[in-house]
1. Scan the range 229-262 for residues that are touching a helix residue (DSSP H, G or I) at 6+ places or on another chain (Cβ under 7 Å), within 13 Å of the ligand (Cβ to nearest atom) and touching a residue at least 60 places away in the same chain (Cβ under 8 Å) and report the count.
2. Among the residues of the range 86-132 satisfying the criterion of being touching a residue at least 60 places away in the same chain (Cβ under 8 Å) and more than 26 Å from residue 59 (Cβ to Cβ), which is surrounded by the fewest Cβ atoms within 10 Å (Cβ to Cβ)?
3. Residues of the range 133-163 being in contact with a helix residue (DSSP H, G or I) (Cβ under 7 Å, 6 or more places away or on another chain), without any contact (Cβ under 8 Å) to a residue 40 or more places away in the chain and more than 27 Å from residue 22 (Cα to Cα), which ones?
4. Which one is surrounded by the most Cβ atoms within 10 Å (Cβ to Cβ), of the residues in the range 177-201 that are part of a helix (DSSP H, G or I) and touching a strand residue (DSSP E or B) at 6+ places or on another chain (Cβ under 8 Å)?
5. Within the range 9-36, count every residue that is in contact with a strand residue (DSSP E or B) (Cβ under 8 Å, 6 or more places away or on another chain) and farther than 20 Å from residue 257 by Cβ.
6. List the pairs whose first member sits in the range 38-56 and is closer than 19 Å to residue 238 by Cβ, whose second member is crowded, with 16+ Cβ neighbours inside 10 Å and at pLDDT below 95, and whose Cβ atoms are under 6 Å apart, counting only residues at least 6 apart or on separate chains?
7. Would you check which residues across the range 4-28 are outside any helix (DSSP H, G or I) and crowded, with 17+ Cβ neighbours inside 10 Å and list them?
Ligand SMILES: Cc1cc2nc3c(=O)[nH]c(=O)nc-3n(C[C@H](O)[C@H](O)[C@H](O)COP(=O)(O)O)c2cc1C
């Protein structure tokens, strides 16, 4: 079963409200569409005379070795899909040998996440839930051996689904925006010994501010097109972020990843790894743990094919030289 079929199965099995929430994007959906289409501008340079047959798809981040550079993005509302969706995603991530980013907004506690998975976990705070609560979770994450912690900082305006601001899954109240400040990064950096990730960066200036304030990694992300309509695609913002801070910290990317080819393109443009959002939600909505595992398997199979067809022996060897930049858009799935 391919990703399209998994998506269609999820659409049939999920409640219309959950589907609308997961697929929701701000206003006209221009950012959402652009996130995916922008990958279509990059083509691969095919190479056949080489001996690459079994490329190494593993990566290392925060001292952990992962089987794949496709990680699970933090999604606060998996529980809208199914009661057990969070723990199913956690188990699927463990089986796939990937890294699990978990959201402060999600139902499970920090301890429940740790119990539900064998995957290295990154706890991603929302400071609108209060600094005290963020710190309590970060301390617990430390004591439970999480790989890193972080803050999502692009929600200075709340997420929008169409023209509506969704209710919080934790307290049922409408979400509010929260200002982003370098001081908050400095504060959390002082409070934790774990690597600190800042998510929601879309340009060189913000990337520099985050890294100067103590970020140990940044995630180039426009929140899957859920906040600012007519934002740039994340893949379009990636090169300038890599040029600004890529020699200092690992740069991750999410928003619009729908295939292994998209992942290899992001790596070729300087990302260390990517986070996958909605496809994981489709996987769990379609078939629980197995669905998540299948999505991860599909992405890995596609990564391997691209590496072989470009003569690239490992993720480490992926460089910009395997890409041709073409001004034609369209990567199919929306
Ligand atoms: C339903 C849904 C809920 C999300 N919840 C969170 C969240 O709680 N915290 C966060 O940092 N990002 C959240 N995100 C954004 C994802 O982490 C990620 O940035 C985005 O989904 C990537 O785009 P993609 O869905 O095109 O892969 C959410 C995204 C979706 C679709």
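The values are calculated or read from the model by the stated rules, or taken from the named source; none is laboratory data. What you are looking at is a predicted structure, and each value in this text was computed from that prediction instead of being measured. Note that each Cβ is placed from the backbone with ideal geometry, even for glycine, and that neighbours are counted across all protein chains shown.
1. Looking only at that region, the number is 11.
2. Selected residue: 107.
3. 140, 144
4. Once the filter is applied, the top-ranked residue is 188.
5. 2
6. 39/331; 40/331
7. If we filter the range 4-28 for residues that are outside any helix (DSSP H, G or I), which is where we start, we get 14-15, 24-28.
Listed by number, the residues that qualify are 14, 24, 25, 26.
Here is a yes/no grid of residues against (1) modelled with pLDDT of 95 or more; (2) farther than 18 Å from residue 252 by Cβ; (3) more than 16 Å from the ligand (Cβ to nearest atom); (4) in contact with a helix residue (DSSP H, G or I) (Cβ under 6 Å, 6 or more places away or on another chain):
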{"residue": "178", "(1), (2), (3), (4)": "no, yes, no, yes"}
{"residue": "182", "(1), (2), (3), (4)": "yes, yes, yes, yes"}
{"residue": "187", "(1), (2), (3), (4)": "yes, yes, yes, no"}
{"residue": "190", "(1), (2), (3), (4)": "yes, yes, yes, no"}
{"residue": "193", "(1), (2), (3), (4)": "yes, yes, yes, no"}
{"residue": "204", "(1), (2), (3), (4)": "yes, no, yes, yes"}
{"residue": "217", "(1), (2), (3), (4)": "yes, no, no, no"}
{"residue": "220", "(1), (2), (3), (4)": "yes, no, no, yes"}
